[in-house]
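To keep things clear, I will list the structure first and then write my remarks on it.
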Ligand SMILES: Cc1ncc(C[n+]2csc(CCOP(=O)(O)OP(=O)(O)O)c2C)c(N)n1
Ligand code: SF4
């Protein structure tokens, strides 16, 4: 009886084991990006920009040229690269503290300029790397290291919906929010990432996929509960869907 | 090519183009806005790219991105904007990326004003951003020197894979003088195999980063950086001396102040006072040699600056206690006049004249 290969490691990722916590969906999102780069056969023509956050070491995991950016500045760094190398694929991989807090200016202006880059925006509603502090995306009532009694709208303000906001800018070309809490959604997330890179290929403007992701370690939940929390608590605040699609189709 | 009459800021921009810089990212700020406007017009003419960033923070990070692909890239600003670039500059050093950064210094602190100043000396020569680092800093004092130093700055950046700073002041940026752009004899070739341009045809992935989580590894990286700084200290010192051979007192000044000081020195020499000038051209590495050569025989030095006294610290270190070091400075955008510097010379060295006249 011959064995049939049903699953293979993507060539889009290096063989280095990732450092992510058990149940963290960062690694899964890496794989989706790696698979898309492999399937589109663009690994050799891609340069990724790693941000500051738990994914800072993503430059060791993606099997393409990588540059590491200062906290929040990945869209500016990506702009510099893309403007020199317009025929390469440039992507950033950023957390919600990186993109929606310290780097909100850089992402807004990259979108406004219609930079032909792809942004993988990992929203886990918390700062993972620094030990679970409030992010601009933390939910009302969410307990974090810096909101021990839960995020209070009158004190800490309200969550930022990045996808909706960036979709209002004419320079953004493809924006979709996806989730990783179950297999059908993971498959959908991969399609969105593919679409984002296709949008870049067509030179239509900035493409961004907001991926709802888990942080079991700092949420204080087990991996399974974390997936449920994405579905039950996050999605109602961050509705899934396509917010911008200049390319048309699906 | 003959001489052309141009404004300092524009001279700097054109010199960068002559040095094969094709990418510029910046944010407007007085007194260097002509440089930005010149690049906006000029770079597309030579197939390059100009992009106005949303802030100096974005601009320096765009520079970081462009530099990571191996091209020659520049940004420019003035004091408040230069402060915002510090994080990015530290990352450029940490990731060993070449770039040229211009600071046309204005009066501070805070928003200060838009008049000429040299009050960013500490910031440019002592680090400015976080971490253990130094950057070559070039301070031209004429427009022709702007041409020459800007061309050199790009070579130094590529040679060491390091940012290089050109520091001027608003007066230099605004003044007009005839300059000559010499065609480059030959383009020096620099290894750019480290550049992240995609892996097609060159094997495995390349990584540009300043992160090193393990302490021993980061120390090793720092040791390599320190070696590089030591080599810069050997190779990249630049200065000029004027009438130091017989000088009793030596004025130390750089940039436009050195020009004014030179006039004051000439006037003093007419009255028989033997005054000389040391003009540091590289502010880092600071030229120690002209001090080692003179410090045992002169009666003293006078550091003249458009600041409350910043370079004087390096002068004192170079003099190393062998002679007194005096100071004259103006702040807030006030430019010291030739008369003021002359007065200072008389105050410090005037006694000598009395000694000469009375044969003591
Ligand atoms: C300028 C600067 N400020 C603060 C930090 C500390 N810091 C590192 S990661 C991080 C937040 C990361 O959170 P997020 O982007 O949500 O990514 P995650 O770790 O959750 O994946 C912060 C504040 C830093 N590295 N640099
Ligand atoms: S701290 Fe959170 S985001 Fe970071 S690796 Fe662990 S689970 Fe993932």
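Looking only at the stretch A:77-96, decide whether some residue is within 15 Å of the chain's Cα centre (by Cα), more than 9 Å from chain B (Cβ to nearest Cβ) and assigned to a helix (DSSP H, G or I).
Within the stretch A:77-96 (the criterion being within 15 Å of the chain's Cα centre (by Cα), more than 9 Å from chain B (Cβ to nearest Cβ) and assigned to a helix (DSSP H, G or I)), the answer is yes, since at least one residue qualifies.
So, of the residues in the stretch A:50-72 that are within 7 Å of chain B (Cβ to nearest Cβ), within 16 Å of the chain's Cα centre (by Cα) and more than 23 Å from residue B:201 (Cβ to Cβ), which turns out to be surrounded by the fewest Cβ atoms within 10 Å (Cβ to Cβ)?
Taking the candidates together, the pick is A:56.
Residue check: is residue B:218 more than 11 Å from every other protein chain (Cβ to nearest Cβ) and surrounded by 14 or more Cβ atoms within 10 Å (Cβ to Cβ)?
Yes: the conditions hold for residue B:218.
For residues in the stretch A:110-125 being within 16 Å of ligand 2 (Cβ to nearest atom) and not in a loop (DSSP other than H, G, I, E, B), which is surrounded by the fewest Cβ atoms within 10 Å (Cβ to Cβ)?
Looking at the filtered set, the residue picked out is A:121.
Select the helices (runs of 4 or more DSSP H) contained entirely in the stretch A:126-222, then report the ones holding at least 2 residues which are buried (at least 19 other Cβ atoms within 10 Å of the Cβ) and within 16 Å of ligand 2 (Cβ to nearest atom).
Answer list for the stretch A:126-222: A:216-219.
Look through the stretch A:144-156, keep the residues that are in contact (Cβ under 8 Å) with a residue 12 or more places away in the chain and away from ligand 1 (no atom under 16 Å from the Cβ), and return whichever of them is farthest from residue A:239 (Cα to Cα).
Applying the filter and picking the extreme gives A:152.
Just one of A:47, A:107 is outside any helix (DSSP H, G or I) and crowded, with 24+ Cβ neighbours inside 10 Å; which is it?
After ruling out the rest, the residue left standing is A:47.
If only one of B:231, B:186, B:219, B:212 is modelled with pLDDT under 95 and outside the structural domain of residue B:289 (by TED's automatic domain parsing), which one is it?
When all the criteria are applied, what remains is B:186.
Based on what the data block shows, is residue A:235 more than 16 Å from ligand 2 (Cβ to nearest atom) and in contact (Cβ under 8 Å) with a residue 60 or more places away in the chain?
Taking the combined requirement at face value, the residue does not satisfy it.
Report yes if residue A:101 is out of contact with any strand residue (DSSP E or B) (no Cβ under 7 Å at 6 or more places or on another chain), within 16 Å of ligand 2 (Cβ to nearest atom) and in a helix (DSSP H, G or I), otherwise no.
When the stated conditions are applied, residue A:101 passes them.
Regarding residue A:102, is this residue over 14 Å from the mean Cα position of the chain (by Cα), farther than 23 Å from residue A:193 by Cα and within 14 Å of another protein chain (Cβ to nearest Cβ)?
yes
With the condition being under 14 Å from residue B:168 (Cβ atoms) and more than 14 Å from chain A (Cβ to nearest Cβ), I'd like the strands (runs of 3 or more DSSP E) fully within the stretch B:20-123 carrying at least 1 qualifying residues.
Those strands (runs of 3 or more DSSP E) span B:73-77, B:99-105.
The values are calculated or read from the model by the stated rules, or taken from the named source; none is laboratory data. Treat the numbers as computed from the prediction; the structure is a model and nothing was measured. Cβ coordinates were reconstructed from backbone atoms using ideal geometry, including for glycine residues, and neighbour counts include every protein chain displayed.
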